[in-house]
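Working notes, beginning with the structure itself.
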Amino acid sequence: MKPAVTYELLHIDKNSGARRGVVHTPHGDIQTPVFMPVGTQATVKSMTPEELKEIGTQIILSNTYHLYLRPGQDIVKEAGGLHKFMNWDKPILTDSGGFQVFSLGPLRTITEEGVEFKSHLDGSRHFFSPESVMKTEEDLGADIIMAFDECVEYPASYEYTKQSMERTTRWAKRCKEAHTTENQALFGIIQGGFYEDLREKSAKDLIELDLPGYAIGGISVGEPKEEFLKMLYYTAPLMPENKPRYLMGVGTPDYLIEAAIAGIDMCDCVLPTRIARNGTALTWNGKVVVRNATYERDWRTFRSRV
């Protein structure tokens with residue numbers, strides 16, 4: 001049976017590793033490299049699906065953790081899945097909630113079985129395991145779903161990072177065993193913090209699972225830029241050439257360009273829409289803060305300034 005999601009490599013720059021490709025999904029093709037706007041709770045804030053299509057959006061990311069808490073996976077499933085729930089007929093990716101659970105800090109407890117956490121909304125207790133996350137993501141119905149992983153803070157000791165990376169691999173195996181929906185593609189997440197040997201081990205072990213795509217997780221978590229670049233350029237070549245490569249949580253223009261040069265196919269971040277809602281646009285000439293007094297009587301069109 002043909003996989004739900006496949007990657008077609010169109011061109012690769014042999015000097016840098018930058019590449020062009022197409023990700024084929026049940027809801028359409030994605031030309032890569034691609035940036036994915038984040039619709040955390042099944043909507044890209046302040047934008048309609050029609051506006052997203054108008055600017056050329058090919059794929060949207062939604063968040064498993066937030067949708068699990070509100071409105072709940074049952075509601076989304078009853079509505080016909082995320083595509084119908086959010087009136088979006090193009091591809092969708094859901095992350096596993098691993099980063100959001102990591103962000104809860106003292107509100108969560110990690111064990112081999114999974115993660116117990118308190119809701120940031122009302123303090124109620126919940127539990128995520130690889131199996132339960134797969135069930136939630138299958139109910140949501142995205143084209144690409146992410147394995148449940150543990151994202152380690154920066155800095156973290158070698159020993160803890162090693163334990164966390166090995167646990168992430170075991171969780172990925174459990175996700176693969178629990179995943180049953182044929183029209184969804186399960187991607188694995190390479191972890192290992194800022195230790196090259198751990199990144200290499202994580203990539204090797206996950207590639208052995210023969211998943212349809214792979215992501216780099218656990219960077220762009222507060223480390224200096226030179227550390228980010230070092231780990232990005234070390235890890236990207238470890239990923240299969242014939243499958244999609246996804247760098248999680250990256251959205252500033254300089255990081256996006258670095259990712260593309262490194263051979264990454266997919267990136268996502270809340271940053272562009274978040275700063276836009278607060279009156280800032282990213283342009284080739286730098287940031288434009290439209291709320292600044294200098295623009296109060298500036299009647300030029302925005303397009304002419306960028």
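The values are calculated or read from the model by the stated rules, or taken from the named source; none is laboratory data. Remember, predicted model here, so these are calculated numbers, not experimental data. When we count neighbours, we look across all protein chains shown, and the Cβ atoms used for this are built from the backbone with ideal geometry, even at glycine. Note: areas computed on protein heavy atoms with side chains; ligands, DNA, RNA excluded. Shrake-Rupley method; radii C 1.70, N 1.55, O 1.52, S 1.80 Å.
Scanning region 142-181 for residues that are open to solvent by 40 Å² or more (accessible area, probe 1.4 Å), part of a loop (DSSP other than H, G, I, E, B) and in contact with a Pro (Cβ under 9 Å, 6 or more places away or on another chain) yields no hits at all.
One residue is enough: does region 241-257 have a residue meeting the conditions touching a Pro at 6+ places or on another chain (Cβ under 7 Å) and either of a type in the set (A, V, I, L, M, F, W, C) or closer than 20 Å to M47 by Cβ (or both)? Yes, there is a match, as at least one residue in region 241-257 is touching a Pro at 6+ places or on another chain (Cβ under 7 Å) and either of a type in the set (A, V, I, L, M, F, W, C) or closer than 20 Å to M47 by Cβ (or both).
Any residue that is among the basic types (K, R), more than 30 Å from G279 (Cα to Cα) and in contact with an Asp or Glu (Cβ under 8 Å, 6 or more places away or on another chain) - is there at least one of those in region 18-27? Checked region 18-27: at least one residue is among the basic types (K, R), more than 30 Å from G279 (Cα to Cα) and in contact with an Asp or Glu (Cβ under 8 Å, 6 or more places away or on another chain). Within region 122-135, residues that are over 17 Å from E182 (Cα atoms) sit with their Cβ atoms under 6 Å from residues that are among the β-branched types (V, I, T) and open to solvent by less than 90 Å² (accessible area, probe 1.4 Å), at 6+ positions apart or across chains, in these pairs: F128/V115. All conditions but one from (1) touching a strand residue (DSSP E or B) at 6+ places or on another chain (Cβ under 7 Å); (2) among the hydrophobic types (A, V, I, L, M, F, W, C); (3) open to solvent by less than 10 Å² (accessible area, probe 1.4 Å) apply to L209; the one that does not is (3). The residues in region 102-120 that are acidic (D, E) and over 20 Å from G217 (Cβ atoms) can be counted, and the count is 2. Is it true that some residue in region 189-207 is within 13 Å of the chain's Cα centre (by Cα) and in contact (Cβ under 8 Å) with a residue 60 or more places away in the chain? Yes, region 189-207 has at least one match. Where helices (runs of 4 or more DSSP H) fall wholly inside region 205-306, the ranges with 1 or more residues that are modelled with pLDDT under 90 are 302-305. Among all residue pairs at least 6 apart or on different chains, which show Cβ distances below 6 Å where the first residue, located in region 271-285, is within 14 Å of V250 (Cα to Cα) and the second is among the charged types (D, E, K, R) and open to solvent by 30 Å² or more (accessible area, probe 1.4 Å)? Going by the 6 Å Cβ cut-off, the qualifying pairs are T273/K45.
Residues in region 23-56 that are more than 18 Å from D89 (Cβ to Cβ) and modelled with pLDDT of 95 or more: 4 in all.
Which one of these is under 15 Å from G217 (Cα atoms), modelled with pLDDT of 95 or more and either touching a Ser or Thr at 6+ places or on another chain (Cβ under 9 Å) or not acidic (D, E) (or both): F148, F127, F99? Exactly one residue qualifies, and that residue is F148. Among the residues of region 108-117, is any under 30 Å from E51 (Cα atoms) and either crowded, with 21+ Cβ neighbours inside 10 Å or in contact with a helix residue (DSSP H, G or I) (Cβ under 7 Å, 6 or more places away or on another chain) (or both)? No, region 108-117 contains no residue that is under 30 Å from E51 (Cα atoms) and either crowded, with 21+ Cβ neighbours inside 10 Å or in contact with a helix residue (DSSP H, G or I) (Cβ under 7 Å, 6 or more places away or on another chain) (or both).
Here is the figure for region 28-63: residues that are closer than 20 Å to R245 by Cβ, surrounded by fewer than 17 Cβ atoms within 10 Å (Cβ to Cβ) and in contact (Cβ under 8 Å) with a residue 40 or more places away in the chain total 1.
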